[in-house]
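Written out below as structure tokens is the structure these notes cover.
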Amino acid sequence: MTEKAAPAPAAAAGGSRAGMKKELPERFRDYKHVWVLIEMERGQVHPVSWELLGEGRKLADKLGVELAGALLAGPGEATQKAVDEAFSYGADLVYLMEDPLLADYRNQPYAAAMTDLVNTYKPEILLMGATNLGRDLAGTVATTLATGLTADCTELAIDHEGSLAATRPTFGGTLLCTIHTLNFRPQMATIRPRVMAMPEAQEGRSGRVIRHALVMEESSIITKILDFIADANMEKAQLAYADIVVAGGMGLGRPENFKLVTDLAAVLGAEYGCSRPVVQKGWMPAERQIGQTGKTIRPRLYIAAGISGAIQHRVGVEGSDIILAINTDPNATIFEFAHMGIVGDALQILPALTEAFRRRLA
Ligand code: FAD
């Protein structure tokens, strides 16, 4: 089901879609082109940036405008490499703010840099990853610019009037809501990693670089980075980008049984995860949760054991190439979207699979 709503600023201006469309205010008429934040931290570009360039390319082509990457980073080879990669993933140009103050993410200089870029070059659409960095930055930029921001979108399109139609789940995932920012620019949206497909890189593709200087002194930034200490003890789940994921749900019955999930994952070289109630019970850490309020995954193989397939779980896994469901209930919802199913007891099937793969892969 789809419903249409407008974010707060547009609604306040009477900008809802239902027959109340107003002309875009004069000051926003120059806003053109689609931008994607190229998110770089400690020399690494977050892959969601390339996923969003792939999606941004489609929007820009539909509007007949250019696709730009916005890269805020410290000077160095990694920054140049990121610019080249942005072209290979579809950007026509890159707005580059390269400054030592932008070497590590801090909200204040990044927000100042991004709002300055937007106010100077005026994009009509600005997309960011719904990562920790993207979520923090997008909120500040949207409130500073007083424009609409639709968070955690699952679908983006251009409607018949050339406006961004940003779709996201609402009411606990039971409805989809399409939000338009009618009277403000840019139209902003965040999208979680792996929601959009990774585009093919086109080697040798190039474009323009527009350098823009950061006007800011270190002395005016409240937050200081004294040191960077990697959290060596924290178990980092790389679920979103794993090729194979094995997950368990409440059907496993008790926390000890999740060893059957981690055993199979270990044999397959896979990541492991779980459904939300498993996290709520304290059987697995929150970073292992898959679904609407957890991670979105797109593995080549997803094995779901003792998971019913509720809509909030489904939205996080339906991009998987192959879904294998193991469930005692032949009428479980998960069999409606799984590619393969085993009707049976996961407590017996998981160890049997582990043993079979162990022998085969030995
Ligand atoms: P259950 O629904 O209890 O299903 C257990 C399944 O195991 C059943 O199908 C049963 O037949 C089967 N089973 C029982 N015994 C066995 C056995 N021995 N072997 C094999 N199968 C067996 N859920 C998520 O997963 N991720 C989210 O991100 C998420 N976000 C949510 C956000 C909101 C706002 C809300 C309201 C809910 C959210 N949920 C989320 C919860 C979701 O609605 C479901 O409640 C949840 O996914 C169910 O988890 P489950 O399938 O593990 O448990």
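The values are calculated or read from the model by the stated rules, or taken from the named source; none is laboratory data. What you are looking at is a predicted structure, and each value in this text was computed from that prediction instead of being measured. Cβ atoms come from the backbone with ideal geometry, glycine included; neighbour counts cover every protein chain shown. For accessibility, only protein heavy atoms count, side chains too; no ligands or nucleic acids. Shrake-Rupley method; radii C 1.70, N 1.55, O 1.52, S 1.80 Å.
Of all the Cα-Cα pairs you can form in the range 154-195, what percent are over 13 Å apart? That tail contains 57 percent of the Cα-Cα pairs. Translational diffusion of the range 217-304 was estimated from the Stokes-Einstein equation, with Rh taken as the Kirkwood radius over Cα pairs; at 25 °C and 0.890 mPa s the coefficient is 168 µm²/s.
Hey, how much of the P(r) for the range 127-258 falls beyond 27 Å, as a percent of Cα pairs?
47
Residues His313, His160, sorted by accessible area with the largest first, give His160, His313 [1.4 Å probe; ligands and nucleic acids excluded]. Dipole magnitude for the chain: computed about the Cα centre from +1 point charges on Lys and Arg Cβ and -1 point charges on Asp and Glu Cβ, it is near 660 debye.
Here r is the Cβ-Cβ distance between Asp321 and Arg208 and R0 is 35 Å; the resulting FRET efficiency, rounded to 0.05, is 0.45. Extension gain for Lys259-Leu176 works out to 26.3 nm (0.36 nm per residue, less the C-alpha to C-alpha distance).
For the chain, the longest principal axis of the C-alpha atoms and the axis of helix 132-145 are separated by about 30°.
Taking all protein chains as they are arranged and a probe of 1.4 Å, the heavy atoms of Arg300 leave approximately 140 Å² accessible to solvent. Angle of helix 107-121 to the longest C-alpha principal axis of the chain, folded into 0 to 90 degrees and rounded to 10: 50°. Given R0 = 30 Å, the distance between the Cβ atoms of Asp159 and Asn107 translates into a calculated FRET efficiency of 0.40. Note down the Stokes-Einstein diffusion coefficient of the chain in µm²/s, whole number, using a Kirkwood radius over alpha carbon pairs, 25 °C, and 0.890 mPa s. Once the numbers are plugged in, D ends up at 111 µm²/s. Close Lys pairs in the chain, defined as Cα atoms under 19 Å apart and 8 or more places apart or on different chains, number 11. Here the range 153-204 exposes an accessible surface that is 53 percent carbon and sulfur, computed with a 1.4 Å probe and the other protein chains kept in place.
What does the C-alpha gyration tensor say about the overall shape of the range 294-362? Classify as rounded when a/c is under 1.5, otherwise prolate if a/b is larger than b/c, or oblate.
Oblate, since a/c reaches 1.5 and b/c is not below a/b.
Among Glu124, Glu318, Glu200, the largest mean-square fluctuation in a Gaussian network model of the chain (Cα springs under 10 Å) belongs to Glu200.
Scattering from the range 29-182 was approximated by placing one identical point on each alpha carbon and applying the Debye formula without solvent; log10 I(q)/I(0) at 0.10, 0.16 1/Å stands at -0.33, -0.86.
Taken as Cα centroids, the range 90-140 and the range 270-337 sit 33 Å apart, rounded to the nearest whole angstrom.
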